[in-house]
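Chemist: Sharing a structure, written as structure tokens. Questions coming.
Nothing in this text is a laboratory measurement; each read-out follows from the coordinates by a stated rule. None of the values given here were measured: they were computed from a predicted structure. Cβ atoms come from the backbone with ideal geometry, glycine included; neighbour counts cover every protein chain shown.
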Amino acid sequence: MLFMQKGKVQLVREDIMPRDLLTRVLLTRDLLPRVLPQDRAAGPGRPKDLAKRDAILAAARALFFSRGVEGVGIEEIARRANVSKMTVYGHFRDKAAILSAIVAAEAARMTSVLDEMPGEPRNLEQRLVAVGTALMTFLTSPELLAFERLLMSEAARRPDLASAMLEAGPRFGHRKLAEQLAAATTRGDLAIRHPVVAAEQLTSLWKGFLYLECQLGVRPSPTAEEIHRHVTEGVAMFLRSYRPSALP
């Protein structure tokens, strides 16, 4: 499926991500080969059963997250998905291709969260708190934390997947946030000389030590109240540094 966005043709593979994200997530041509280097290409003949494909991915996700990729076989994935091994191989060339599809779906999910940042603000502080709260809620969810641990365990064997996830998720969000901070500076709401650096600083304030503790599994995911308080304090510190009156 092709989309036009700001004069640029972009391609969405309808068979690699959840259908509810298709209208909201665009993966560019140069990203797709790195995200899905081993996905089986669709050919002529009967269309593939997307429900079975979704079941295979759901089964693989659960097994990979709990035991890692190396400890899981295709037969076990098929059994959990209630399909035959031949059905699994009809959708995916091998286990590496299944992992590629899972990474693509997670990148799409992260992109959709970042792409829903609020529009033009009435109150800059409220907007930054809303964006930071949504992002931290997503990043500290048990499901995403399990996925990140899986990705880190596979990064040495599949650096292409880690690179694709980094580009489609964190780097995309960093660029988008820098653009919004630059726009706020143009409006006179902020006084930022280097929006890219400021975006990194704000993201670090949102995450703080809380995110590291969640990543390492030494604490449970924070409550909504804890996330909101943590993000609000980070935004307040950021604005004290970058309000127009703060610069000499």
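Chemist: Can you quote the Å³ per residue value for the convex hull of the Cα atoms in the stretch 197-248, rounded to an integer? Provide the component values of the computation, followed by the final result.
Modeler: Details: hull volume 3.8 nm³, N = 52.
About 73 Å³ per residue, rounded to a whole number.
Chemist: What number comes out for the charge environment of L63, summing +1 per Lys or Arg and -1 per Asp or Glu over other residues with Cβ under 13 Å away? Before the final figure, lay out the partial values.
Modeler: Details: positive: R61, R67, R79, R80, K95; negative: E70, E75, E76.
That sum, taken over residues with Cβ under 13 Å, equals +2.
Chemist: Continuing with this model, one more query. What's the exposure ranking of L150, L128, L239, going from fewest to most Cβ atoms within 10 Å?
Modeler: So the ranking, lowest neighbour count to highest, is L239, L150, L128.
Chemist: Would you kindly derive the ³J(HN,Hα) couplings of the stretch 172-189 from the backbone phi angles with the Karplus curve 6.51 cos²θ - 1.76 cosθ + 1.60 (θ = phi - 60°), listing them in order in whole Hz, with x for Gly and Pro?
Modeler: Along the stretch 172-189, the couplings run 4, x, 5, 5, 5, 5, 4, 4, 5, 5, 5, 5, 5, 5, 4, 6, x, 6 Hz.
Chemist: Indicate the gyration tensor shape class of the stretch 138-248 (rounded, prolate or oblate), computed on the Cα atoms with a ≥ b ≥ c the square roots of the eigenvalues: a/c under 1.5 is rounded; otherwise a/b larger than b/c is prolate and the rest oblate.
Modeler: Oblate shape, in that a/c is at least 1.5 and b/c is the bigger or equal ratio.
Chemist: Now for a separate question. Return the sequence-ordered ³J(HN,Hα) values of the stretch 191-200 in whole Hz as given by the Karplus equation 6.51 cos²θ - 1.76 cosθ + 1.60 applied to θ = phi - 60°, using x for Gly and Pro.
Modeler: 10, 10, 7, 10, x, 5, 5, 4, 5, 5
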